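Read-outs: derived from the displayed coordinates by stated rules, not from any lab. Predicted model, so just to flag it, every value in this text is computed and none were measured. A quick note on method: Cβ atoms are made from the backbone with ideal geometry, for glycine too, and the neighbour counts reach across all protein chains shown.
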Amino acid sequence: MELEQAMRDRRSIRGFTDRPVSREMMEEILAVANLAPSSMNTQPWHFHVLTGAVLEAVRRGNTERMLAGVPPSREIPAHGKYEGVHRDRQVEIAKQLFAAMGIAREDAERRQDWVMRGFRQFDAPVSVVVTYDKALDDHGPVAIFDAGAAVYGLVLAAWERGLGAVINGQGIMQSPVVRESARIPEDQVILTCVALGWPDEGFAANGVKSLRRELSENTSFQGFDEDGMGWRLSEAAE
């Protein structure tokens, strides 16, 4: 599959079959993700691949704590409540997903169940917990930026092999549970996780693709000549 086609076709998958994912395939996928660029070649990311009893322990702990009203405990700053256009986009994708699943606005029980699916890593057979080196926290958000590049490589490599994935902050919302169950070293910061598996073709939400802005809304071009060409100026011109 061509890279551009994978990027255009890829979408978040939130419903999976019971078909297992092999360690061999995960190693292939993560070898691709590991090629991501990073600031000064620091390569700050780590991948913790969970399945079976370990993943079930995370699922159970996440769910029990959230249902018991334990406040979320993430190791990176929470994004808080979105406002303005960012809130509009958040609501837009929620409406798309609920419409696909036939979940009515007044159906509190099914809406709650949908939320809890996120804390269960969408019942995927594999969850990749992504961390970065805590030693880089004093260097600002660069390590998080770099890890994000690796995560995008991960989901694209998975898609190319027929797997589906969703980047899922809910899955590590109770980070103490994740750290204990997955034995995350103390010198790493838990950033996010990626729920991953074979897509369930009968799961309606898997057909939802989020709407994207036009380039005219988020891009500016400066310094191009009248023919639309970008050039390096000669020293004389400078």
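A few comments on the model shown:
- Per-residue [θ]222 nm for the chain (sum of -39500 (n - 2.57) over DSSP H runs n ≥ 4, rounded to 500): -12500 deg cm²/dmol
- Note on region 172-238: semi-axes of the ellipsoid equivalent to its C-alpha gyration tensor, largest first and rounded to whole Å, are 46, 25, 10.
- Length added when fully stretched, Ser220-Arg60, from 0.36 nm per residue minus Cα-Cα: 52.9 nm
- If you take all other residues with their beta carbon under 10 Å from the beta carbon of Phe98, and give Lys and Arg +1 and Asp and Glu -1, the sum is +3.
- Isotropic mean projected area of the C-alpha convex hull, region 1-154 (nm²): 11.9 nm²
- Partner lysines for Lys209 [C-alpha distance under 19 Å; skip if fewer than 8 residues away on the same chain]: Lys95
- Nonlocal amide H pairs with Val126, under 5 Å, H built at 1.01 Å: Leu196
- For Lys81, the aspartates and glutamates whose Cα falls under 20 Å of its own Cα, not counting residues fewer than eight places away in the same chain, are Glu92.
- Contact order relative to length of the chain, as percent, for alpha carbon pairs under 8 angstrom and 6 or more apart: 37 percent
- Across region 13-27, coupling constants 3J(HN,Hα) worked out from phi with the 6.51/-1.76/1.60 Karplus curve, θ = phi - 60°, read 10, 10, x, 10, 7, 7, 4, x, 10, 6, 4, 4, 5, 4, 5 Hz, and Gly and Pro carry x.
- Residues Ile29, Ile103, Ile93 in ascending order of nearby Cβ atoms (within 10 Å, fewest first): Ile93, Ile103, Ile29.
- Trypsin sites (Lys or Arg not before Pro) restricted to DSSP loop in region 138-197 with at most 11 other C-beta within 10 Å: Arg183
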